[in-house]
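What follows is a short report on a single structure.
No lab work stands behind these numbers, since they all come straight from the coordinates. What you see is a predicted model, and the numbers here were worked out from it, not measured in a lab. Positions of Cβ are generated from backbone atoms using ideal geometry, with glycine treated the same way; all protein chains shown enter the neighbour counts.
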Amino acid sequence: MALALVTGGTAGIGHSFATQLASQGWDLVLVARDSARLNDVAAAIRTTYGRDVETLTADLANREDVMAVADRLESTESPVEMLVNNAGFGIHASLLDRDFSIQEKALDVMCLAVLILSGAAGRAMVARGHGSIINIGSSSGIITTGNYSAVKAWVNTYTEGLANELRGTGVTVTAVLPGWVRTEFHARAGINASKLPGIVWIDSDELVQEALADHAKGKVISVPTKRWNSAYWLGRHVPRCAIRWVSRKLSNSRKNP
């Protein structure tokens, strides 16, 4: 049976990927930092969907842990047919802060780990002649809301470059660019999103359903929902000075009272 590895698979978008893939008959390797939560989620998926679920506790800010996940991706025993690079977190910090540890961690988890794990998966999948890589970027990557936008812009662009390199190998690559998704993501980061209008929000299950459908069609860029597709198109075509103005307004609206 096909096997998918999902990083950050215990909550939010990652959990939606895990459950929807399990419902479609995929076995799973779930990767997360919290062993207790990881085991609880794995047990629930086994019970609900009857799939095999392997767990791998790893902090993707730790190079040794990242390499352990990379080794699993390159293993020829129970080979991984799909990688979902989902692990990440919000950044509620100034670019001017003297303590840049959160910014460094963001680069480690959402850039370097994506690079290492996608490379490992890509090598193994090319050798077999087939496979799938889905990287969770963000529509934030086309605006300028601090380092999170910069990190996700890297993910978006890197994934397109990877798709170019893997074209014709049988390995398909998709960058998923969500907008605002109803998860615990913002609360965990201490970001106040209460002032954002309801129309901008999307349910994580809806997001993943569309993302998997787009990936199956071979789309390199997936922007789920028509409204976020429209926003993405505007973001790519309006003048950058307008993008910076919108980004300032968004950043101000998300500040804690």
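At a glance:
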quantity: For Asp52, distant residues with modelled amide H under 5 Å away; calculated: Leu28
quantity: Relative contact order for the chain, counting Cα pairs under 8 Å that sit 6 or more residues apart, in percent; calculated: 17
quantity: Helix 204-216 vs. the chain, principal-axis angle (Cα, 0 to 90°, nearest 10); calculated: 60
quantity: Square roots of five times the Cα gyration tensor eigenvalues for the chain, Å; calculated: 29, 20, 18
quantity: Mean Cβ count within 10 Å, highest first, over the residues of peptides 65-71, 17-23, 4-10; calculated: 4-10, 17-23, 65-71
quantity: Cα-centre dipole for the chain with unit charges at Cβ (Lys and Arg positive, Asp and Glu negative), debye to 20; calculated: 1300
quantity: Cα-based helix-to-principal-axis angle, 63-74 vs the chain, degrees rounded to 10; calculated: 50
quantity: Of Lys105/Lys219; Lys219/Lys249; Lys152/Lys217; Lys152/Lys219, pairs whose Cα-Cα distance is over 27 Å; calculated: Lys105/Lys219; Lys219/Lys249
quantity: Radius of gyration and Dmax over the Cα atoms of region 56-117, both given in Å; calculated: 13.8, 47
quantity: Peptide ranges 25-35, 124-134 listed from the most packed, as the mean C-beta count within 10 angstrom indicates; calculated: 25-35, 124-134
quantity: Order of Leu38, Leu96, Leu3, Leu112 under a 10 Å beta carbon neighbour criterion, fewest first; calculated: Leu96, Leu112, Leu3, Leu38
quantity: 0 to 90° range, to nearest 10: angle between helix 146-166 axis and the chain longest Cα axis; calculated: 40
